[in-house]
Structures are given as C-alpha cells and as structure tokens.
1. Can you tell me how many residues in the range 85-103 are touching a residue at least 60 places away in the same chain (Cβ under 8 Å) and either over 26 Å from Ile70 (Cα atoms) or of a type in the set (A, V, I, L, M) (or both)?
2. Can you tell me which residues in the range 68-84 are part of a helix (DSSP H, G or I) and either surrounded by fewer than 19 Cβ atoms within 10 Å (Cβ to Cβ) or among the charged types (D, E, K, R) (or both)?
3. Have a look at Asn35, Asn39, Asn11 and point out the one that is within 16 Å of the chain's Cα centre (by Cα) and either surrounded by 13 or more Cβ atoms within 10 Å (Cβ to Cβ) or closer than 15 Å to Glu101 by Cα (or both).
4. Any idea how many residues of the range 126-136 are under 17 Å from the mean Cα position of the chain (by Cα) and either of a type outside the set (Gly, Ala, Ser) or not in a helix (DSSP H, G or I) (or both)?
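The values are calculated or read from the model by the stated rules, or taken from the named source; none is laboratory data. Just so you know, these numbers come straight off a predicted model, no measurement behind them. Backbone-built Cβ (ideal geometry, glycine too); neighbour counts: all protein chains shown.
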Amino acid sequence: MKTNIGINEKNTLAVATALAKLLADESILLTKTRNAHWNVEGPDFHSMHLFFESQYNALDETVDKVAERIRALGHYAPATLKEFLELTSLTEKRSNKNSSESFLKDLVGDHEAIIIQLRENADAFANKYKDSGTSDFITGLMEEHEKMAWMLRAHLK
C-alpha cells in the first residue's frame with residue numbers, strides 16, 4: 001500500500017535518501033564504538049569498556065530508529081555493509097593505538113561530523129521538503145549526539 005502522510009513522493013524520497021546516508025554514518029559509528037569497547041586497553045580498561053558499551057547500546061537504538069523512520073516514509077532502508085560503506089561520510093580508518101584516548105578522539109570527531117550533518121538537514125527537512133516530523137526527529141538525534149560527544153570530550157580533559 002502506498003504511503004499517504006501528506007508529503008509528496010518526491011519529498012519523501014529526498015528525505016529518505018538523506019536519512020539513508022545518516023543510517024550509514026550511524027552504523028559505521030556504532031561499529032567503531034563496538035571496536036573501542038572490545039579492544040580498549042590500559043589502566044582504565046574496565047571503566048572505559050563499560051563506558052563504550054553504554055555508548056554503543058544507545059547508538060544501536062539510534063540505528064533502529066533511523067531505519068524505521070525511513071520505512072515510515074514509505075521507503076526501504078539500506079541494510080548491508082556494502083551499502084553503508086558506499087553511503088557513509090565517515091571513515092573506518094582510526095589510529096593504531098588501542099588506548100582510551102585514541103578511541104575517544106576518533107569517536108568524538110565522528111559524533112561532531114554527524115551533529116553538523118543533522119543541523120544542516122533539520123531546516124531543509126521542515127522547510128524545503130515539508131517534513132516537520134523528520135526535522136523534529138533528527139533534532140532529537142542531534143541532541144543525543146551532542147550529549148554523547150560531550151561525554152567523550154569530558155574524558156579527554
């Protein structure tokens with residue numbers, strides 16, 4: 001059945017396409033955060049292991065919410081690693097150190113990149129594409145990423 005939510009198909013496609021890129025970025029960030037959780041070493045191992053776990057659990061929920069938002073707009077969410085790597089603006093590259101500081105720096109940069117992307121899309125979704133719901137949705141995601149980035153930066157002080 002065709003989606004009829006008061007937004008034309010051209011606009012829902014544009015929003016879903018932008019959300020697909022966000023989904024790819026969120027999935028890459030989730031993987032990088034799990035990598036930090038699994039591979040962190042050093043005297044702060046236990047506390048950082050638990051910290052990274054809390055972050056990847058939050059990101060796992062975000063990935064699901066973004067994919068479901070794409071589906072609510074009547075489009076299909078990308079769901080393969082190949083698609084994510086083609087769509088992402090993030091890089092899998094990281095430093096070769098498994099210290100908490102190294103992981104923290106890598107992850108805070110990725111969160112900040114996503115925050116900028118979300119901020120740029122919020123107005124376009126509401127005004128250009130007439131999709132206030134998705135604009136509101138990504139504003140909430142932006143706030144979540146801002147908090148996560150703050151927590152990462154706080155460990156670097």
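1. Of the residues in the range 85-103, 6 are touching a residue at least 60 places away in the same chain (Cβ under 8 Å) and either over 26 Å from Ile70 (Cα atoms) or of a type in the set (A, V, I, L, M) (or both).
2. Glu68, Arg69, Arg71, Ala72, Leu81, Lys82, Glu83
3. Working: Asn39 fails: within 16 Å of the chain's Cα centre (by Cα); Asn11 fails: within 16 Å of the chain's Cα centre (by Cα).
Result: Asn35 is the single residue among Asn35, Asn39, Asn11 that is within 16 Å of the chain's Cα centre (by Cα) and either surrounded by 13 or more Cβ atoms within 10 Å (Cβ to Cβ) or closer than 15 Å to Glu101 by Cα (or both).
4. Total meeting the criteria: 2.
Listed here are the residues, each with its yes/no results for (1) modelled with pLDDT under 95; (2) part of a loop (DSSP other than H, G, I, E, B); (3) surrounded by fewer than 13 Cβ atoms within 10 Å (Cβ to Cβ).
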| position | (1), (2), (3) |
| --- | --- |
| Phe51 | no, no, no |
| Leu59 | no, no, no |
| Asp64 | no, no, no |
| Glu86 | no, no, yes |
| Lys93 | yes, yes, yes |
| Val108 | no, no, no |
| Ala124 | no, no, no |
| Ile138 | no, no, no |
| Glu144 | no, no, no |
